[in-house]
Amino acid sequence: MSFDMRWKVRTLWALVLVLMVSPVHAQDETKAAPKPKQDEYFELMQTFVDTFEQVDRNYVKDVDRRKLLEAALRGMIKELDPYSSYIPPEELARFNQQVDQQFGGIGIQVQPDPRTRRILVISPLPDTPAYKAGVRAGDIVTEVEGYDTEDMPLSRAVELMKGPPGDTVSIKVRHLSATEDEEISMERAIISVKSVLGDKYGEKGKWDFVVDKEQKIGYIRLTQFGRKSAEELAEAIDTLQKQGMKGLVLDLRFNPGGLLSQAVEISDLFIDSGTIVSTEGKNTAKRTFSATKAGTLPNFPMAVLINRFSASASEILSACLQDHKRAVVIGERSWGKGSVQNVIELESGASALKLTTAGYLRPSGKNIHRFPDSKVTDEWGVHPDDEVKFTRKELEDYDEYRRARDVLNEADPPESTFTDRQFEKALERVRAMLSGTDEKNESEKDGEKEKGEKAKAAA
């Protein structure tokens, strides 16, 4: 690195340091806290710049400066917690797609097929170019845009199938009963990945949300808290209400979380007043999210399913409904992620920083976060009202069972010997609430009756 280049690097870091230090002082003055030593920032950053310069100038091989910087950023963020991360430019689009729940593509779920060493179609998505063009579950994708898929990385195949809506993409598929490939050309469209699912597909590729047609009990799976999740959930419940729904099972198992705003909006659908969740961080004032009466759904019997993989926004929702006694919670103790991440743009939006900026508490004020040194006996996560644990074998069987039922096909899902004990328990509790025989529901009624009698006696 030339002297001129070294001078530019040092000048740039000096400007960065000035920008970094000034806001910190302003913030500390408002809190009347001791000011950090300005020299410490310069000394630490000087060490970083010197190290970067030494590696760039003296390492035995030429180095990619961008890779060095990104490695340094990842290492720095790794020291914080498991939920903060640096999102480089090449991963930012995929991250945004997960949050926004949409992308340009043809609409198929795929995975590598070890038998053929090609790409296997797990299921087409309803009302997408692939489904309309005749791509079906079990098809083998042999070519994408003229490229043979044999030993092709899955990420490469997906990259070729995705693209701007309206552009044409060509694939070759081998149907289950065919001996020759069929070439299919189709226009890409905006593919919306639904986060609200039912138990199985019904007519016209729509999810069937009714699991007990006799007692009119609905079942909704919420797989993540994306930007459209609250809207999708409201639509599903509206469909169920038109079908005369009297009770609901809401499945949050395996839901890793997502947007705090969506967890709050969905919670607000079920309760008409009181605290939903409260958050507080080092540089953010304590904030309490409260329910409003407008738009609250009727008070139908409800059970929520959680397991050890239900995290973050799933815990906000299940804890809120449990603390307000709006629903019974069935399954296993949840993951224990009580922290909020803020996505901060870097490089004018080319990359981003997902940084933990606050923690949250459930309405009761109890902690949800499981810290690294937390014990099993400590207060964290959401404890179910009825605990039903799955063994490892049951988890594996459930995964196969669920995959089979999630396939969009003309035929009904294949018969299975698997019994989803967690779901059956949730269904049992909702049925008991509907019939008025639920033990916990009866105890609450007895308590209210006793209060009423005492009030009469006092009068």
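The values are calculated or read from the model by the stated rules, or taken from the named source; none is laboratory data. Quantities reported herein were computed from a predicted structural model and do not represent experimental measurements. Cβ atoms come from the backbone with ideal geometry, glycine included; neighbour counts cover every protein chain shown. These area figures cover heavy atoms from the full protein model, side chains too; ligands, DNA and RNA do not enter into them. Shrake-Rupley method; radii C 1.70, N 1.55, O 1.52, S 1.80 Å.
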Query - Label-to-label distance, nm, for residues given as residue 343 and residue 231 (7 Å Cα→Cβ offset) - result: 1.6
**Report entry** Amide H contacts of residue 221 (H built 1.01 Å from N, under 5 Å, at least 5 apart or other chain)
**Finding:** 197, 198, 251
Report task. Just list whichever of 393/425; 67/375; 162/200; 200/354 have alpha carbons separated by over 30 Å in the model shown. Result -> 67/375; 200/354
Report task. Rounded to the nearest 0.05, what FRET efficiency do residue 424 and residue 378 give with R0 = 30 Å and r taken as the Cβ-Cβ distance? Could you check? Result -> 0.50
Query raised in the report: What is the distance, in nm, between label points placed 7 Å from the Cα along the Cα-to-Cβ direction at residue 175 and at residue 113?
Result: 1.4
Report summary line: hull vol. (C-alpha, convex hull) per residue for region 86-218, Å³ -> 147
Report task. Heads up, I need the accessible area for residue 399: 1.4 angstrom probe, whole protein in place, Å², nearest 10. Result -> 70
Requested in this report: Compute, for residue 290, the solvent-accessible surface of its heavy atoms (probe 1.4 Å) with the complete set of protein chains present, and express it in square angstrom to the nearest 10.
Outcome: 70
Requested in this report: Which order do the peptides 367-380, 293-306 take when ranked by the mean count of other beta-carbon atoms within 10 Å per residue, highest first?
Outcome: 293-306, 367-380
Report task. Pull out the extension gain between residue 261 and residue 70, defined as 0.36 nm times the separation in residues minus the alpha carbon to alpha carbon distance; nm, one decimal. Result -> 65.8 nm
Query raised in the report: Once you list every other residue whose beta carbon is under 15 Å from the beta carbon of residue 316, what net charge do they have if Lys and Arg are +1 and Asp and Glu are -1?
Result: +1
Query raised in the report: Over the alpha carbons of region 351-413, what is the largest minus smallest coordinate on each principal axis, giving the biggest first in Å?
Result: 48, 41, 24
Report summary line: Other residues with Cβ under 12 Å from the Cβ of residue 177 give, with Lys and Arg +1 and Asp and Glu -1, a net charge of -1
Query - Calculated P(r) tail over 23 Å for region 196-295, as whole % of Cα pairs - result: 34
Requested in this report: Please label the shape of region 385-438 as rounded, prolate or oblate, based on the square roots a ≥ b ≥ c of the eigenvalues of the alpha-carbon gyration tensor (a/c under 1.5 means rounded; beyond that, a/b larger than b/c means prolate, else oblate).
Outcome: oblate
Report task. Go through 48, 122, 106 and say which Cα lies farthest out towards the positive end of the charge dipole of region 47-123; charges sit on Cβ, +1 for Lys and Arg, -1 for Asp and Glu. Result -> 122
Query raised in the report: Does region 290-394 classify as rounded, prolate or oblate by the C-alpha gyration tensor (a ≥ b ≥ c root eigenvalues; a/c under 1.5 gives rounded; else a/b over b/c gives prolate, otherwise oblate)?
Result: oblate
**Report entry** Helix-derived mean residue ellipticity, 222 nm - over the chain, DSSP H n ≥ 4, -39500 (n - 2.57), to 500
**Finding:** -12000 deg cm²/dmol
Requested in this report: Compute the relative contact order of region 145-202 as a whole-number percentage, counting only Cα pairs closer than 8 Å that sit 6 or more residues apart in sequence.
Outcome: 29
Report task. Find how many whole Å separate the alpha carbon centroid of region 129-151 from the alpha carbon centroid of region 184-252. Result -> 27
Report task. Assuming a ≥ b ≥ c are the square roots of the Cα gyration tensor eigenvalues, decide whether the chain counts as rounded (a/c under 1.5), prolate (otherwise, with a/b larger than b/c) or oblate. Result -> oblate
Report summary line: Rounded to a whole %, the carbon-and-sulfur portion of the accessible area of the chain at a 1.4 Å probe is 52
Requested in this report: Would you mind getting the accessible area per residue of region 248-314, heavy atoms of the protein chains only, 1.4 Å probe, in Å²?
Outcome: 41
**Report entry** Summed side-chain charge close to residue 405 - residues other than residue 405 whose Cβ falls under 12 Å, Lys, Arg +1, Asp, Glu -1
**Finding:** -4
Report task. Could you give me the percent of Cα pairs per 10 Å distance bin for region 140-182, shortest bin first, beginning at zero and ending with the bin that holds the maximum distance? Result -> 27, 51, 21, 1
Query raised in the report: Which distance in nm do the two modelled labels at residue 387 and residue 147 give, with both placed 7 Å along the Cα-to-Cβ direction?
Result: 4.9
Query raised in the report: For residue 168 and residue 46 in one chain, what is 0.36 nm times their gap in residues minus the Cα-Cα distance, to one decimal in nm?
Result: 38.7 nm
Query - Distance between region 57-115 and region 268-309 - C-alpha centres, whole angstrom - result: 32
Report task. Give the cross-link partners of residue 206 among the aspartates and glutamates, using a straight C-alpha distance below 14 Å as the criterion and excluding same-chain residues fewer than 8 apart. Result -> 127, 232, 235, 406, 410, 412
